[in-house]
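One structure is given below, encoded as structure tokens.
The values are calculated or read from the model by the stated rules, or taken from the named source; none is laboratory data. All values reported here derive from a predicted model rather than from experimental measurement. Neighbour counts are summed over all protein chains in view; Cβ atoms, including those assigned to glycine, are modelled from backbone coordinates with ideal geometry.
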Amino acid sequence: MNMIKLNSIALTVALFASASSLTEVHAQSGSNPTFSDGVVKLGVLTDMSGPYADYAGNGSFTAVKMAVEDFGGALGGKPVEVVVADHQNKSDVGVSIARSWYDVDKVDAIFDISNSAVALAVAGVTKEKNKVVILGGVSTPKLTTDSCTLNSIQYVYDANALSNVVGKAIVRDGGDTWFFLTVDFAFGHGLEKTTADVVKASGGKVLGSVRFPLNTADFSSFLLQAQASNAKIIALASAGSDTTNAIKGATEFGISNTGRQRVVTLLTFITDVHSMGLTQAQNLLLATAFYWDRDEETRKFAKRFKERMGKMPTMVQAGMYSAALHYLRSADKAGTDAGTEVVAQMKAEPINDFFSRGGRIRPDGLHEHEMQLMRVKTPSESKAPWDYYAPLTTVAAADAFSPMVPGACAAVK
């Protein structure tokens, strides 16, 4: 299938490294490695032009390429290639690209997606073809329950983790009445539901909600409904430009982060804060799986990423680097690129890197790792470019992610 006809972006980067430039030396553990088609090919299927392009997009593509380079550019003596395409936030486009990649271009694994509806659709195709999909900015819990497969991994976060980290902290701090502004597709619906459940379980109340279309520019009518509810917390179950537009609108309506009503973002990226500026974003509470300035390891990766992209990495982009490297190491150890076998090896191996300290992938495909609760700094607190977050607490994986429910994932016996 011609990728141009899908109005997608398709780039292929063949990554080879000489022996002197390898950062790691890999010995194939299997005596007869079986990597199909004479090449190992990774596809980054993401939003390259829409509301999620800033926190995923070309940055996710760059992160996966960096991981391949750091691995050495080859697997089992076969070159590793990386391709990218834009799903345009449309499930049918995403499925068409995935099928073409798997059937024609011989892609072995798809990374990122960063759209829950597209992810659910692509997960089904991936299972059918026995390939691998490793999800970045995708929160829907359906991927580890109703739509769980042995070929998919939810790597960066899910709605439960975001809700547990942010929701519990806000209710504990007195924010006990909530009104939701929710983007109207699977991601927003799931994030609203899980957060509402956390609020109620913590003793709070949900006073109402309103849904808005993806890529909304004017939030006036939605914010008026939220104001009229008199809820202490106006919660944004959204991401990307929808979130930044809503916060800018709230500022115009006189809703501040310290007033009678507060705007809370359930999913915020450092690129969102950069876009809004600290004057608007100051004192927002947020959950994140990664912050570039956490320690020397995160700063080292972020510096390399910024040299290529001109900005600091988001948690999705850092997560995709970690995921790609873990995939390659696991495929190397398994001696194959067969989908379920590689995923099984990924689940068997603990993850220890700058993104995931002691992380593990559960049988249902959810990657559990530490999360952090952050506060956005005020302009006077920030001392350098991208110095945006003040850490409040590190939340252990067991507290951030809800426990696996027996029987929820039919694929797990």
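A few notes on this one:
- Within region 342-388, the set of residues being buried (at least 18 other Cβ atoms within 10 Å of the Cβ), more than 26 Å from Leu266 (Cβ to Cβ) and more than 21 Å from the chain's Cα centre (by Cα) comprises just one member, Gln345.
- Subset of region 117-136 that is in contact with a Leu (Cβ under 8 Å, 6 or more places away or on another chain) and among the small types (Gly, Ala, Ser) - its residue that is farthest from Thr195 (Cα to Cα): Ala123
- Within region 206-215, tally of residues that are at pLDDT 95 or above and surrounded by 14 or more Cβ atoms within 10 Å (Cβ to Cβ): 6
- Taken over region 256-284, the residue count meeting the criterion of being under 15 Å from Gly175 (Cα atoms) and among the β-branched types (Val, Ile, Thr) is 4.
- Extreme residue, nearest to Thr265 (Cα to Cα), among residues of region 193-226 that are in contact with a helix residue (DSSP H, G or I) (Cβ under 9 Å, 6 or more places away or on another chain) and of a type in the set (S, T, N, Q): Thr195
- Considering residues of region 43-99 that are of a type in the set (Asp, Glu) and touching a residue at least 40 places away in the same chain (Cβ under 8 Å) only, the residue farthest from Asp337 (Cα to Cα): Asp54
- The set of residues from region 217-254 being out of contact with any strand residue (DSSP E or B) (no Cβ under 8 Å at 6 or more places or on another chain) and β-branched (Val, Ile, Thr) comprises Thr244, Thr251.
- Filter result for the condition that a residue is under 26 Å from Tyr157 (Cβ atoms) and of a type in the set (Asp, Glu), over Asp218, Asp272: Asp272
- Among the residues of region 200-227, those identified as in a loop (DSSP other than H, G, I, E, B) and of a type in the set (A, V, I, L, M, F, W, C) are Leu214, Ala217, Phe219.
- Asp272 being within 30 Å of Gly249 (Cβ to Cβ) and surrounded by fewer than 18 Cβ atoms within 10 Å (Cβ to Cβ): no
- Residue that is farthest from Val132 (Cα to Cα) [pool: residues in region 44-90 that are outside any helix (DSSP H, G or I) and among the hydroxyl-bearing types (Ser, Thr, Tyr)]: Ser49
- Screening region 220-246 for residues that are over 25 Å from the mean Cα position of the chain (by Cα) and over 19 Å from Gly175 (Cα atoms) and picking the one that is surrounded by the most Cβ atoms within 10 Å (Cβ to Cβ) gives Phe222.
- The condition of being acidic (Asp, Glu), within 21 Å of Tyr388 (Cα to Cα) and surrounded by 15 or more Cβ atoms within 10 Å (Cβ to Cβ) does not hold for Asp295.
- With respect to the conditions (1) in the same structural domain as Lys129 (by TED's automatic domain parsing); (2) touching a strand residue (DSSP E or B) at 6+ places or on another chain (Cβ under 9 Å); (3) closer than 19 Å to Ala53 by Cα, Glu307 falls short on a single one, namely (2).
- Residues that are of a type in the set (S, T, N, Q) and free of Cβ contacts under 8 Å to residues at least 40 places away in the same chain within region 182-224 comprise Ser202, Ser209, Thr216, Ser220, Ser221, listed in sequence order.
- Residues in region 23-53 that are within 30 Å of Phe269 (Cβ to Cβ) and at pLDDT below 85: Thr23, Glu24.
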